[in-house]
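Okay, structure first, notes after.
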Amino acid sequence: MKANNLVKRQWELRGKYCLKIAAFLLFLFIFLRMAVLLLYPSNSIIRTWQRFYVLKRGEVEILIVGNSHAYSSFDPDIISDVTGQSSYILASNSQNVVQAYFNVKEALHYQHPNVIILEAFALDDNYNYRFGTETPDKDWKKESNIDGMRFGLCKLEAVMEQYLQENWGYALLSIARCHSNWTSIETIGSNLLFYTEGIWEYSSFHPSETHMSAETKALYDGAEYNPSGKVISEINIQYYHKLAQLCRKEGITLCMVMAPMYDGYIQSINYGDWAAKIADLAEDEDIFYLDCNEYYSEIGLTSSDFEDAYNGYHHLNKDGADKVTQFVFEQFVKNGIK
């Protein structure tokens, strides 16, 4: 009898010990999570993810992925007016198709859109690796997108695919990259304000705020012709097909849209070859593809619809985005895409 009581007592002590460890680990997790939320440098990428996670299920009927071309070209309010459907732009700076695939895979844990749109500029030569530099494979744009995702198998898979093995820990432990922000009152204050008030008003649509200057326009118009054209990396092609397969499996309509770029820039590169390759990829997967660069007059675009930055050939301002959104989604309605 005494032996049984002793065994019972030992199990009780072990149970209490395990509960203490579990409580400590839970406290540590909550502390680290709060630290990351407060310390992470304010940027639109992570806030786009945080706003997405508080959306109600069924609130995203059209999901748009891609890079800055996506979030500066399509206005959700106009999409709603034209199609009667709600939309969200889960895009980030320099996002290639690899990131877009994992963004969609993560998003499908929380939403099941009717249509997913891939902005086609994501099909470029972006391998997401930076070999030959002082910090190979490390890039804040990619890191912000990864950091914005909730921890889970999808995030682990995304890190393993997009980072060299020696950088997996670096990619996952964002707290190690932003701990110095304890000294930045602005960062902490901005994050507090966002999570307590601003998250509900945050928009994933970020058009440019300026017009192309005459000087920048002249530079593009006078640019020397580059016959080499743009390249689509093999890994982007691979993940484009994986994205198409994922959408078919989930019963979701996948489409591609190339947002418009400044005509002077288009004429300075061998755009036709690149556009033809993208059209072939769309045909391979039997998806609807719309290249806005073929419809300047129908859209009503002029040079003043583009910003005057050194990347001014591809970012629309609000006026330009309104015209493009109206045109693109009218084409969707005409083609029965919903």
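Select from segment 202-249 the residues that are part of a loop (DSSP other than H, G, I, E, B) and of a type in the set (Gly, Ala, Ser) and write down the one among them that is nearest to the chain's Cα centre (by Cα). Lay out the reasoning, then the answer.
Step one: of segment 202-249, the residues part of a loop (DSSP other than H, G, I, E, B) are 202-207, 209-213, 222-225, 227-233.
Cutting the leftovers down to of a type in the set (Gly, Ala, Ser) gives us 203-204, 213, 222-223, 228-229, 233.
On the way: Ser203: 13, Ser204: 10, Ser213: 29, Gly222: 33, Ala223: 31, Ser228: 28, Gly229: 25, Ser233: 18 Å.
So the residue we want is Ser204.
Hey, among the residues in segment 273-282 that are in contact (Cβ under 8 Å) with a residue 12 or more places away in the chain, out of contact with any Cys (no Cβ under 9 Å at 6 or more places or on another chain) and of a type in the set (Gly, Ala, Ser), which one's nearest to Ala321 (Cα to Cα)? Result: Ala275. Looking only at residues of segment 129-147 that are in a loop (DSSP other than H, G, I, E, B) and at pLDDT 75 or above, we find that the one that is farthest from Asn43 (Cα to Cα) is Asp137.
So which residues in segment 142-153 are crowded, with 17+ Cβ neighbours inside 10 Å and either over 17 Å from Phe52 (Cβ atoms) or in contact with an Asp or Glu (Cβ under 6 Å, 6 or more places away or on another chain) (or both)? Steps first, please.
Going through segment 142-153, the residues crowded, with 17+ Cβ neighbours inside 10 Å turn out to be 142-149.
Once the filter is applied, which keeps residues that are crowded, with 17+ Cβ neighbours inside 10 Å and either over 17 Å from Phe52 (Cβ atoms) or in contact with an Asp or Glu (Cβ under 6 Å, 6 or more places away or on another chain) (or both), segment 142-153 yields Lys142, Glu143, Met149.
For Tyr220, indicate whether it is farther than 29 Å from Glu61 by Cα and not acidic (Asp, Glu). Taking the combined requirement at face value, the residue satisfies it.
Residues are listed down the side, and each one gets a yes or a no for (1) without any contact (Cβ under 8 Å) to a residue 24 or more places away in the chain; (2) within 20 Å of Leu246 (Cα to Cα):
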| residue | (1), (2) |
| --- | --- |
| Gln85 | no, no |
| Ser94 | no, no |
| His112 | no, yes |
| Ala120 | no, yes |
| Asp137 | no, no |
| Met160 | yes, yes |
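Of the set (1) in a helix (DSSP H, G or I); (2) modelled with pLDDT of 85 or more, all apply to Trp182 but (2). Of all the numbered requirements in (1) modelled with pLDDT under 75; (2) assigned to a loop (DSSP other than H, G, I, E, B), Leu192 misses one, and that requirement is (2). Number of residues in segment 52-102 that are in contact with a Pro (Cβ under 8 Å, 6 or more places away or on another chain) and under 21 Å from Leu316 (Cα atoms) equals 8.
Being touching a strand residue (DSSP E or B) at 6+ places or on another chain (Cβ under 6 Å) and modelled with pLDDT of 85 or more is the filter here; which residues of segment 206-237 pass it? Within segment 206-237, just Pro207 meets the criteria.
For segment 219-267, a tally of residues being free of Cβ contacts under 8 Å to residues at least 60 places away in the same chain, among the hydroxyl-bearing types (Ser, Thr, Tyr) and surrounded by 16 or more Cβ atoms within 10 Å (Cβ to Cβ) returns 2.
The values are calculated or read from the model by the stated rules, or taken from the named source; none is laboratory data. Since we're looking at a predicted model, the values are computed, not measured. All Cβ positions, glycine included, derive from the backbone under ideal geometry; neighbour counts span all protein chains shown.
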